[in-house]
Amino acid sequence: MADSEIPPRPPLLLPDAIHQAVNPGTALLRLETTRSREGLLDGAWWPRTRDIKTELPALISTLTEYLGPITRVGVDASAWNGLPTRLVIDDQVVHLDSDPVGDDTILITRGHNDHFALLVVPPDTTADTAREAMARAVRADNITEAAQILIATTPDPE
């Protein structure tokens, strides 16, 4: 096939209406693209709801493809509805720990000691605000905590 016959690649950015078009349980995720892991956060996740049993399986399935088996997830119990102590996802048991990490962060554990911190963008966030927060979170040089990213990217009320 000649270069002129190669179909154009789809755009890499999500369309504006993606959050309304995506059903609960679909992972909207961005990860840092470098292996350095020098930033404060390793990625960002934008769940559709606060139902962890609906939202977490897609996130864990997606992360497992890139990181390998996920064994634990640390979340703030007050940020989620009906938090169980474990879930079976893709035939693997994933333990859920209620940690005081704040509802703006989720801690993912691969193996025994390898932790990944993800910014959690609240479900009701607008598309523009979510994109900006997620982009800031995945910068390799990010030293801003998740809560501060959410505050900085939330527009002032009119």
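The values are calculated or read from the model by the stated rules, or taken from the named source; none is laboratory data. Being a predicted model, the structure only gives us computed values, none of them experimental. Ligands, DNA and RNA are excluded from the accessible area calculation, which covers all protein heavy atoms including side chains. Shrake-Rupley method; radii C 1.70, N 1.55, O 1.52, S 1.80 Å.
At a probe radius of 1.4 angstrom, the accessible area of the range 97-139 per residue rounds to 47 square angstrom. Solvent-accessible area of the range 84-143 (1.4 angstrom probe, protein heavy atoms only): carbon and sulfur portion equals 49 percent.
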